[in-house]
């Protein structure tokens, strides 16, 4: 599993929070972060598509479909069972390109609110940790 994110040189708080959640998953689920530095939306889309290949693509998109934590956990469980590589993509400030959005198996909206891209990394890592915790019957998530 990996997260492809446009932008580099995140503030220290972002790196610390992101690493906290991915560290908690290391024993059972690996998440790699790839940061891309690009200048234009077209360049961004080209680089992202090249990196994704045949992965199951989840595009983080404000116009996407939200899921509850329990729905996300069920979805994650299914993805982990099918054995296909999984890529989550966080675009730049202008959003993701149309070809990438069409290729996405799921366009995921974390919220109807707008967040800085740095915050999305942390929220994504936390939600993956929370969903995995549900799958493991860990008491982190209380329903």
Subject >> Conditions (1) touching a helix residue (DSSP H, G or I) at 6+ places or on another chain (Cβ under 7 Å); (2) under 30 Å from residue 136 (Cα atoms): number failed by residue 48 >> reply: (2)
Subject >> Breaking point among (1) part of a loop (DSSP other than H, G, I, E, B); (2) in contact with a strand residue (DSSP E or B) (Cβ under 6 Å, 6 or more places away or on another chain), for residue 115 >> reply: (2)
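Quick check, is residue 83 surrounded by fewer than 15 Cβ atoms within 10 Å (Cβ to Cβ), over 20 Å from residue 14 (Cβ atoms) and out of contact with any strand residue (DSSP E or B) (no Cβ under 9 Å at 6 or more places or on another chain)?
Considered against the rule, which asks whether it is surrounded by fewer than 15 Cβ atoms within 10 Å (Cβ to Cβ), over 20 Å from residue 14 (Cβ atoms) and out of contact with any strand residue (DSSP E or B) (no Cβ under 9 Å at 6 or more places or on another chain), residue 83 comes out as yes.
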**OP:** Say whether the condition of being surrounded by fewer than 16 Cβ atoms within 10 Å (Cβ to Cβ), at pLDDT 95 or above and within 14 Å of residue 124 (Cβ to Cβ) is met by at least one residue in the range 91-101.
**Re:** no
Original post:
Which of (1) touching a helix residue (DSSP H, G or I) at 6+ places or on another chain (Cβ under 6 Å); (2) modelled with pLDDT of 95 or more; (3) closer than 18 Å to residue 129 by Cβ does residue 19 not meet, given it meets every other one?
Top reply: (1)
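The values are calculated or read from the model by the stated rules, or taken from the named source; none is laboratory data. A quick note: this is a predicted structure, and the numbers were derived from the prediction, not measured. Heads up, the Cβs are rebuilt from the backbone with ideal geometry, glycines too, and the neighbour counts pull from every protein chain shown.
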